[in-house]
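These notes are about the structure you will find just below.
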Amino acid sequence: MSETMRAAIFVQPGEMTVREVPKARIEQVGDAVVRVVRACVCGSDLWYFRGLSDHPHNSQIGHEAIGVVDEVADAVTSVRPGDFVVLPFPYSCGTCPVCRAGFESVCPHGGYFGASQAEYVRVPEADGTVVKVPGSPEDHDDETLASLLTIADVMSTGYHAAVSAEVRPGDTAVVMGDGAVGLCGVLSARMLGAGRIIAMSRHEDRAALAREFGATDIVAERDQAAVDRVLSMTGGYGADAVLECVGSRQSFDTALGLIRRGGVIGRVGLPHDVEISAEGTFYGNIGIKGGPAPVRHYDLKAGLLDAVLEHRIDPGRVFTGIYDLDHIQEAYEAMDRREVIKSLIRF
């Protein structure tokens, strides 16, 4: 058995490569090792690729994957070698009060994956982390595998934005961001019954997919012009719910401008240079909720896994570029140039 594996390596901003590294292995009694079948590039990975956030040079990267259990430690009871699993981007114990409340993404005993663009991944706290999928990868077509990959992060994160924004049947919801998370946010708002879904997009291909996912309106304006447009569409009151799926100051400031008084902003975009006025939100009775998505909770308790397997949703359509590991540089560059919405990596 080989003691090495191939993995994507972040060399420095703008540069990715593939290297042989030590194979992922069991280190703790609750670990599993998973052979990766599909992985992908996340929009948050681009912050490193663009040099806008720090990431160790010459290190592994990635946090979204599905695969097959290769090995388990003695204490693992929920899966065995050969099982097909989704790997949520956070790992969690699954038993503490935080996990039992449905917030595994902030488990005090957990953390986040950072080396999933590789042939194998070590999974800490396996019993509280993995989401078991019926059958094997060979039992599912490529479209289903792509959708299963989304519930490792982007679909669950979009759903978290909608749940955090308290989208209710008949609501007017605005989705900030037309990347994979934003598009999944549109799909999630539809699932929760929003009557009107306004997608903020100025890219024709993304706007078209947003409409197919459930958007009723597309707004291309930005900043104050975007606020004015949404206010004009809502009788001057603003949206009942806003799904903030970008994390930039511009996006969040716009969200604050177009949420109605008493409305809620669901924030899932990784924040960069964002400041929130306590006084401004106080006098508007504006709620702000959200953070890292509790993937396992949504996959199992909210039914995202079943929705994908029963083909009631097809979030895998956000993958508009397919690559192998040898072309990891191209996968990043294509997303960076917005030539694709999201890059899928096949193993």
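Below is a table of values for the structure above.
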quantity: Given (1) among the aliphatic types (A, V, I, L, M); (2) in a strand (DSSP E or B); (3) open to solvent by 60 Å² or more (accessible area, probe 1.4 Å), index of the condition LEU52 fails; calculated: (2)
quantity: The range 108-120, residues that are under 15 Å from VAL295 (Cβ atoms) and crowded, with 18+ Cβ neighbours inside 10 Å; calculated: GLY110, PHE113, SER116
quantity: Qualifying strands (runs of 3 or more DSSP E) (wholly inside the range 231-341; at least 2 residues being farther than 27 Å from VAL41 by Cβ and open to solvent by 10 Å² or more (accessible area, probe 1.4 Å)); calculated: 259-267, 287-289
quantity: Condition check for TYR159: over 30 Å from ILE286 (Cβ atoms) and surrounded by 24 or more Cβ atoms within 10 Å (Cβ to Cβ); calculated: no
quantity: Of all residues in the range 185-197 being buried (at least 24 other Cβ atoms within 10 Å of the Cβ) and among the small types (Gly, Ala, Ser), the one that is farthest from CYS245 (Cα to Cα); calculated: ALA194
quantity: Per-region count, the range 55-103, residues open to solvent by 80 Å² or more (accessible area, probe 1.4 Å) and in a strand (DSSP E or B); calculated: 1
quantity: Count of residues meeting criterion [assigned to a strand (DSSP E or B) and either among the acidic types (Asp, Glu) or open to solvent by 10 Å² or more (accessible area, probe 1.4 Å) (or both)] in the range 121-150; calculated: 2
quantity: Selection count, the range 304-347, where residues are farther than 25 Å from PHE49 by Cα and charged (D, E, K, R); calculated: 4
quantity: Single condition ASP142 does not satisfy, out of (1) assigned by the TED database to the domain that holds VAL37; (2) touching a helix residue (DSSP H, G or I) at 6+ places or on another chain (Cβ under 7 Å); calculated: (2)
quantity: Looking only at the range 12-27, and only at residues there that are more than 23 Å from the chain's Cα centre (by Cα) and part of a loop (DSSP other than H, G, I, E, B), the one that is surrounded by the most Cβ atoms within 10 Å (Cβ to Cβ); calculated: ALA24
quantity: Qualifying residue in the range 111-130 (condition: acidic (Asp, Glu), out of contact with any helix residue (DSSP H, G or I) (no Cβ under 7 Å at 6 or more places or on another chain) and closer than 19 Å to GLU244 by Cβ); calculated: no
quantity: Some residue of the range 230-239 being closer than 24 Å to VAL106 by Cα, in the same structural domain as VAL175 (by the TED database) and touching a residue at least 60 places away in the same chain (Cβ under 8 Å); calculated: no
quantity: Single residue of ALA165, ALA226 found to be outside the structural domain of LEU46 (by the TED database), without any contact (Cβ under 8 Å) to a residue 40 or more places away in the chain and open to solvent by less than 10 Å² (accessible area, probe 1.4 Å); calculated: ALA226
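So that you can scan it fast, the table gives a plain yes or no per residue for (1) open to solvent by less than 10 Å² (accessible area, probe 1.4 Å); (2) under 13 Å from the mean Cα position of the chain (by Cα):
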{"position": "PRO169", "(1), (2)": "no, no"}
{"position": "GLY179", "(1), (2)": "no, yes"}
{"position": "LEU183", "(1), (2)": "yes, yes"}
{"position": "ALA199", "(1), (2)": "yes, no"}
{"position": "ASP205", "(1), (2)": "no, no"}
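The values are calculated or read from the model by the stated rules, or taken from the named source; none is laboratory data. All figures in this text were calculated on a predicted structure; none of them were measured in a lab. Note that we place each Cβ from the backbone using ideal geometry, even for glycine, and neighbour counts take in every protein chain shown. These accessible areas exclude ligands, DNA and RNA; they are computed on the full protein's heavy atoms, side chains included. Shrake-Rupley method; radii C 1.70, N 1.55, O 1.52, S 1.80 Å.
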